[in-house]
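**Student:** Quick one: this structure, given as C-alpha cells, is what I'll be asking you about.
The values are calculated or read from the model by the stated rules, or taken from the named source; none is laboratory data. Quantities reported herein were computed from a predicted structural model and do not represent experimental measurements. Neighbour counts run over all protein chains shown; Cβ positions are idealised from the backbone, glycine included. Just the protein is used for accessible areas: all its heavy atoms, side chains included, with ligands, DNA and RNA removed. Shrake-Rupley method; radii C 1.70, N 1.55, O 1.52, S 1.80 Å.
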Amino acid sequence: PGYIFVLILTKLIVCLTGMPGAGKSTIADGLKSKGYDIINMGNAVRAEAKNRNLEPTGPNLGKLMLELREKNGQGAVAELVAPQIENSKSNVIIIDGIRSNAEIEVLRKYGTVKLLAIHASTNTRFGFLKQRGRSDDPQTKENFEERDNREIGVGISNSIALSDETISNNNLTKDELIEHSFKIIEGWIE
C-alpha cells in the first residue's frame, strides 16, 4: 500500500517586545538580510492613520492605537497584521513591536510564537529615539515619559515579563545587537 506523508511547516513568529527606543526596529532591519519577513506593528497603526487622514504625530498615533483596542479588543493591532502573516512565504516572521499578551494570543493562531524582549536604560532609549527621527518620536523628556506610560498602560510590561529570551542593549554595538538576536532565533528554529 502507498503512503502519503504530509509535512506541515508552521511559521515561527518571533515577537520583538520592549519599551520604545530599546532597539526592536534596529534588530528587525538588521534581520531582513537573513531572509526573514519583517512586520512592524507601528506601521500597521500608521497605515490606519493614513486611511483616516490623520497626521502621524505621537499623540494621534497613540490615541488611534488606544481607540482600535477599545473598539476591537486588546489584540486589535495584531489583527491588522494577520493578512501579512498569512500571505508571507517565509517560515520565520519577525513582528516588531508587540505590546500585549492579547496580541500574542492573536498571533498564536498563525504559528509558533516566541518572544524576544529588548531592554535598554531610560537614557539609552531616549537618546536612540531622539536620533531616530520618526514623526511620532518624542523630542522632550516629558513626551518620552508620556509615551512610556501609554505603552505600560496597554500591557507591554507583561509581554516583556513573559519573554522567552531577553537582550540587554545598553552597551552593544548595532552589529552585536543584531548578531545576538540572530543567534537566539536560529536556536529557536533548530
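**Student:** Does residue 29 satisfy the condition of being touching a strand residue (DSSP E or B) at 6+ places or on another chain (Cβ under 7 Å), farther than 19 Å from residue 160 by Cα and open to solvent by 20 Å² or more (accessible area, probe 1.4 Å)?
**Tutor:** For residue 29, the condition - touching a strand residue (DSSP E or B) at 6+ places or on another chain (Cβ under 7 Å), farther than 19 Å from residue 160 by Cα and open to solvent by 20 Å² or more (accessible area, probe 1.4 Å) - is not met.
**Student:** A further question on this structure: Any idea how many residues of the range 76-133 are of a type in the set (D, E, K, R) and either on the phi > 0 side of the Ramachandran plot or under 16 Å from the mean Cα position of the chain (by Cα) (or both)?
**Tutor:** Matching residues across the range 76-133 total 8.
**Student:** What are the residues in the range 169-187 that are surrounded by 15 or more Cβ atoms within 10 Å (Cβ to Cβ) and either under 15 Å from residue 120 (Cβ atoms) or aromatic (Phe, Trp, Tyr) (or both), if any?
**Tutor:** 169, 172, 177, 178, 180, 181, 182
**Student:** Condition check: open to solvent by less than 20 Å² (accessible area, probe 1.4 Å), modelled with pLDDT of 90 or more and out of contact with any strand residue (DSSP E or B) (no Cβ under 8 Å at 6 or more places or on another chain). Does residue 144 satisfy that?
**Tutor:** yes
**Student:** Still on this structure: With the range 121-163 as the region, which helices (runs of 4 or more DSSP H) entirely inside it contain at least 2 residues that are among the hydroxyl-bearing types (Ser, Thr, Tyr)?
**Tutor:** Those helices (runs of 4 or more DSSP H) span 122-132, 156-161.
**Student:** State which residue pairs qualify: first residue under 20 Å from residue 47 (Cβ atoms) and of a type in the set (Ser, Thr, Tyr) and inside the range 132-150, second residue open to solvent by 20 Å² or more (accessible area, probe 1.4 Å) and assigned to a loop (DSSP other than H, G, I, E, B) in any location, beta carbons under 6 Å apart, and separation of 6 or more residues or different chains.
**Tutor:** From the range 132-150, the pairs are 135/56.
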